[in-house]
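A.B. asks: Structure below; questions to follow.
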Amino acid sequence: MTLYQIEVRASSKQYDVQAQQVAREILKLPGKYLPSLAPISTSPSPLTIRTSQLYYLTGQLNSSQIDQLTRQLLIDPVTQEVVLSQKPENSVTAHLVDIFFHPGVTDTLAESVLIGASMLGITTLEHVETGRRYIFDKRLSEEEVCYITGALLYNPVIQNYVLHNSVIQNDVFHETVAR
């Protein structure tokens, strides 16, 4: 069995509606927990957040089947793109938060992907797990990102999250994981 990760995100910031909403909601949070927001709000460059949909596929898939799933089932080619690299663009440091359902919690999107794959004639896809990725502005601290995640992005009863601190040094992607 092989595990494949597919990340689908908006092809342009204007299409990342969820990121725009999260940015607006962050501004409504108590400032005492987000001390970095004051300097960011007066900065010429606004708070940046990107979101993407994650798909973890398990099975024996060849590259044409993955391409078929991606093109015909997982993306809207007008507004979305598949990201093959996990490192954030145009960034030295970023905080990535991945949110997934706890085992045993119904993942209806994953069920839909399995059904769609079957309808496309792809029978070697055995399991699908879906999640959301949030890429936060590098000017926020790790503590602020954890606060935002707990306050806005996940439900601890049915979901868990992993915080990845990503650093790009000399074109090499380094990552540490915290929770």
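A.B. asks: Is there any pair with a first residue in the range 111-134 that is over 15 Å from L54 (Cβ atoms) and a second that is small (G, A, S) and assigned to a strand (DSSP E or B) whose Cβ atoms are under 8 Å apart and which are 6 or more apart or on different chains, and what are they?
C.D. replies: From residues that are over 15 Å from L54 (Cβ atoms), the pairs are T124/G59; L125/G59; E126/G59.
A.B. asks: Name the single residue, out of those in the range 31-52 being open to solvent by 60 Å² or more (accessible area, probe 1.4 Å) and of a type outside the set (S, T, N, Q), that is farthest from E143 (Cα to Cα).
C.D. replies: P44
A.B. asks: Give me the pairs, please: first residue somewhere in the range 38-62 and over 16 Å from L125 (Cα atoms) and free of Cβ contacts under 8 Å to residues at least 24 places away in the same chain, second residue anywhere and open to solvent by less than 30 Å² (accessible area, probe 1.4 Å) and not in a loop (DSSP other than H, G, I, E, B), beta-carbon distance under 9 Å, and either six or more positions apart or on two chains.
C.D. replies: Here the result reads P46/A23; P46/I40, each pair linking the range 38-62 to a residue that is open to solvent by less than 30 Å² (accessible area, probe 1.4 Å) and not in a loop (DSSP other than H, G, I, E, B).
A.B. asks: Give me a count of the residues in the range 6-53 that are closer than 12 Å to Q80 by Cβ and among the hydrophobic types (A, V, I, L, M, F, W, C).
C.D. replies: 4
A.B. asks: Being more than 30 Å from T123 (Cβ to Cβ), of a type in the set (A, V, I, L, M) and open to solvent by 50 Å² or more (accessible area, probe 1.4 Å) is the filter here; which residues of the range 1-30 pass it? Talk me through it step by step, then tell me what you get.
C.D. replies: Taking the range 1-30 and keeping what is more than 30 Å from T123 (Cβ to Cβ), we get 10-30.
If we keep only those that are of a type in the set (A, V, I, L, M) too, we end up with 10, 17, 19, 22-23, 26-27, 29.
The answer is V17, L27.
The values are calculated or read from the model by the stated rules, or taken from the named source; none is laboratory data. Owing to the predicted nature of the structure, the values given are computational and were not obtained by experimental measurement. FYI the Cβ positions are ideal-geometry reconstructions off the backbone, even for glycines, and counts take in every protein chain you see. Keep in mind that these areas ignore ligands, DNA and RNA; they rest on the heavy atoms of the full protein, side chains included. Shrake-Rupley method; radii C 1.70, N 1.55, O 1.52, S 1.80 Å.
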